[in-house]
Amino acid sequence: MTQAGSRVSARDKLLDAALKIVRAKGYSATNVDEICAEAGVTKGGFFHHFKSKEDWAVAAANHWSETTAGLFAEAPYHQPADPLQRVLAYVAFRKDLVAGELAEFSCLLGTMTQEVFGTSPAIQSACWQGIAGHADTLVADIQAAMDTYGSDGSWTAQSLALHTQAVLQGAFILAKASGDPQQAKDSIDHLYRYIELLFRGAGTVDTAAT
């Protein structure tokens with residue numbers, strides 16, 4: 001996921017390998033030899049950049065967060081003037097990303113967290129920081145929608161932002177378990193409708209995602 005046309009370092013090649021292999025096989029089933037083969041880097045090169053496979057995974061989680069941040073920063077869901085429409089457009093955009101093979105649209109952070117939450121605090125922390133950090137990018141728009149349309153006061157912008165990530169990660173699990181990406185899309189549609197219901201009374205809402 002490095003920029004096209006730029007020279008890719010051995011370290012970045014090793015990190016990019018995580019985005020493909022771990023999402024396809026999982027963290028535990030991935031070994032250093034496979035990582036090196038995918039990246040085209042020697043094993044000596046791997047240990048020049050990373051102390052261990054765990055160290056590599058932590059760096060890969062941070063790499064994922066940094067590279068996907070650019071995708072979301074440039075995404076069209078920021079364009080609507082109305083904050084509620086921006087939140088709904090974000091959900092619709094996430095549905096649009098459910099395309100291709102399962103490993104191509106699932107989240108590296110969610111995949112690793114499922115495996116290592118009880119065995120690697122370092123990877124767990126890096127994954128949480130990435131997921132929570134992305135949720136934080138939604139808080140301002142959600143709060144603006146609350147300020148514009150009101151809410152019942154029983155929830156916060158932060159809690160809804162995190163809930164969107166809970167639904168998305170769960171949607172990926174359903175798609176993997178069933179082998180059917182449509183399961184993920186259906187869950188995201190429910191998220192879209194849920195957010196509409198939270199702001200019932202806000203007026204006409206674009207239901208393009210459903």
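Read-outs throughout are calculated quantities, based only on the coordinates presented, and are distinct from any laboratory measurement. Just so it is clear, the model here is predicted, and its values are computed rather than measured.
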Size-normalised alpha-carbon gyration radius of the range 7-118, reference 2.2 N^0.38 Å: 1.23
Convex hull per residue volume in Å³, alpha carbons only, for the range 78-130: 95
Cα coordinate range in the chain, projected on the principal axes (Å, largest first): 61, 35, 32
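Any of Lys20/Lys43; Lys53/Lys95; Lys20/Lys176; Lys51/Lys176; Lys95/Lys176 with alpha carbons more than 25 Å apart? Name them for me. Show your work: numbers first, answer last.
Values: Lys20/Lys43 18 Å; Lys53/Lys95 32 Å; Lys20/Lys176 15 Å; Lys51/Lys176 31 Å; Lys95/Lys176 15 Å.
From Lys20/Lys43; Lys53/Lys95; Lys20/Lys176; Lys51/Lys176; Lys95/Lys176, over 25 Å: Lys53/Lys95; Lys51/Lys176.
If you average the sequence gap of Cα pairs under 8 Å that are 6 or more apart and divide by the length of the range 53-198, what percent do you get for the contact order?
It comes to 28 percent, rounded to a whole number.
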Kirkwood hydrodynamic radius over Cα pairs of the range 100-210, then Stokes diffusion coefficient at 10 °C and 1.306 mPa s, in µm²/s: 103
Degrees between helix 83-96 axis and first principal axis of the chain (Cα, 0 to 90, nearest 10): 40
